[in-house]
Amino acid sequence: MAKDKSVKKLEDLPGIGETSAEKLKAAGIDTLEKVATSQPHDLSEKSGISVEAAKKAIQAAQEATTIEFETGTNIAEKRQALGKISTNSKDLDELIGGGIEINAITEVYGKFASGKTQLAFQLAVNAQLPKDKGGVDGKVLFIDTEGTFRPERIEEIAKAKGIDPKTALENIMVVRATSSEKQMLTIERADSLIREKGIKLIIIDSLTALFRAEFLGRGALGERQQKLNSHMHKLQQLADKYDVAVYVTNQVMDNPGILFGDPTTPIGGNIIAHAATLRLYIRKSKEDKRIIRLVDSPNMPDGECIIRVTSAGIKD
Ligand code: ATP
Ligand code: MG
């Protein structure tokens, strides 16, 4: 069935005028998909049009909303063309399948000073590189919730990559979010910024700190998780719609329920665990070395590697 492109909204359906469309919307049937899956009697009742007319409207809605399939080959080609953002460490890139993925949320969790923000700076520079140099030729939206964005570090890392430091800074749009509302609103209103500026990487550093500070106690947990859930949902939508990569950092806590092994657990529970496409756990080792563990990936085996956090950025 060919998709009828002339039908875009309820009013475009045969037999549905402005009044009946308003009635349908008031009854919660506000998309063509909802009309397409309605029963004629129900639609007739809710819109005030006859059952016969409702049948025709449903038929037209079904034609306008046929689901278009993509073959696996198509998706593979598209993903190949989108590229990945190199972390600047060959070992880490290899661990995660070539770099930070477009259309996906990559989460890094770990204790203070483990290197989460330093990796964010490196990615903010590398995203700007051309595709053959490990970048995606894009700009960056950097949401700083902790006041730890450091232009000097961007300049240092850019110089080390042979990019003009001033240009590198120009290409990073920084939003200082001081409340979870501002953090959420920035993402909810990011569509036009992403389109107009050619943003290819969204960074939220830290994803959870404001939520953790604002929603205290058991009573607030439900609301916090609900907000985080819709925040993550919107992030994934942006990632899919505009082919951007998302990198978020997360704090940790000690889980007293874990008696053996490392009790370090990321904040945010199941909501974040499910929403992040790929999770990395970073922890300090000797000197500038950090151990990174791939915790959860849809297509890569779990594993570990070592990176170094240096003045010139992330290194092997
Ligand atoms: P937090 O949870 O507190 O935000 P984080 O994981 O974001 O911590 P980072 O700020 O990424 O931590 O890492 C800080 C560490 O990075 C420092 O302790 C230091 O080891 C290293 N570092 C920062 N700046 C430099 C630099 N200019 N040269 C070398 N190493 C640096
Ligand atoms: Mg940090």
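Only residues in region 116-140 that are on the phi > 0 side of the Ramachandran plot count as the first member; pair them with residues that are part of a helix (DSSP H, G or I) and modelled with pLDDT of 95 or more, Cβ under 7 angstrom, at least 6 apart or cross-chain, and list the lot.
GLY134/ASN126
Here are the criteria: (1) within 16 Å of ligand 1 (Cβ to nearest atom); (2) not assigned by TED's automatic domain parsing to the domain that holds LEU235. Tell me which single one ALA76 does not satisfy.
(1)
If the requirement is being assigned by TED's automatic domain parsing to the domain that holds SER206 and within 15 Å of ligand 1 (Cβ to nearest atom), which of these qualifies: SER311, SER297?
On inspection, the qualifying residue turns out to be SER311.
Being within 16 Å of ligand 2 (Cβ to nearest atom), of a type in the set (A, V, I, L, M), assigned by TED's automatic domain parsing to the domain that holds LYS111 and surrounded by 14 or more Cβ atoms within 10 Å (Cβ to Cβ) narrows it down to one residue among ALA168, ALA158, ALA177, ALA190; which is it?
That would be ALA177, the only listed residue that is within 16 Å of ligand 2 (Cβ to nearest atom), of a type in the set (A, V, I, L, M), assigned by TED's automatic domain parsing to the domain that holds LYS111 and surrounded by 14 or more Cβ atoms within 10 Å (Cβ to Cβ).
Every residue, every condition in (1) under 10 Å from the mean Cα position of the chain (by Cα); (2) loosely packed, with under 14 Cβ neighbours inside 10 Å, yes or no:
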residue: ILE204; (1), (2): yes, no
residue: LEU207; (1), (2): no, no
residue: PHE211; (1), (2): no, no
residue: LEU221; (1), (2): no, yes
residue: GLN225; (1), (2): no, no
residue: LEU228; (1), (2): no, no
residue: ALA239; (1), (2): yes, no
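List the residue pairs whose Cβ atoms are under 9 Å apart, where the first residue sits in region 82-105 and is of a type in the set (D, E, K, R), the second is assigned to a helix (DSSP H, G or I) and surrounded by fewer than 19 Cβ atoms within 10 Å (Cβ to Cβ), and the two are 6 or more positions apart or on different chains.
Filtered contacts from region 82-105: GLU101/ARG79; GLU101/LEU82.
Scan region 84-122 for residues that are closer than 24 Å to HIS233 by Cα, basic (Lys, Arg) and away from ligand 1 (no atom under 16 Å from the Cβ) and jot them down.
Passing the criteria: only LYS84.
If I filter region 259-277 for residues that are among the aromatic types (Phe, Trp, Tyr) and buried (at least 19 other Cβ atoms within 10 Å of the Cβ), do I get at least one hit?
No; the residues of region 259-277 include none that is among the aromatic types (Phe, Trp, Tyr) and buried (at least 19 other Cβ atoms within 10 Å of the Cβ).
Restricting to region 123-141, count the residues that are surrounded by fewer than 24 Cβ atoms within 10 Å (Cβ to Cβ) and within 13 Å of ligand 1 (Cβ to nearest atom).
The number of residues fulfilling the criteria is 0.
The values are calculated or read from the model by the stated rules, or taken from the named source; none is laboratory data. Not measured: the values here are computed from a predicted model. Backbone-built Cβ (ideal geometry, glycine too); neighbour counts: all protein chains shown.
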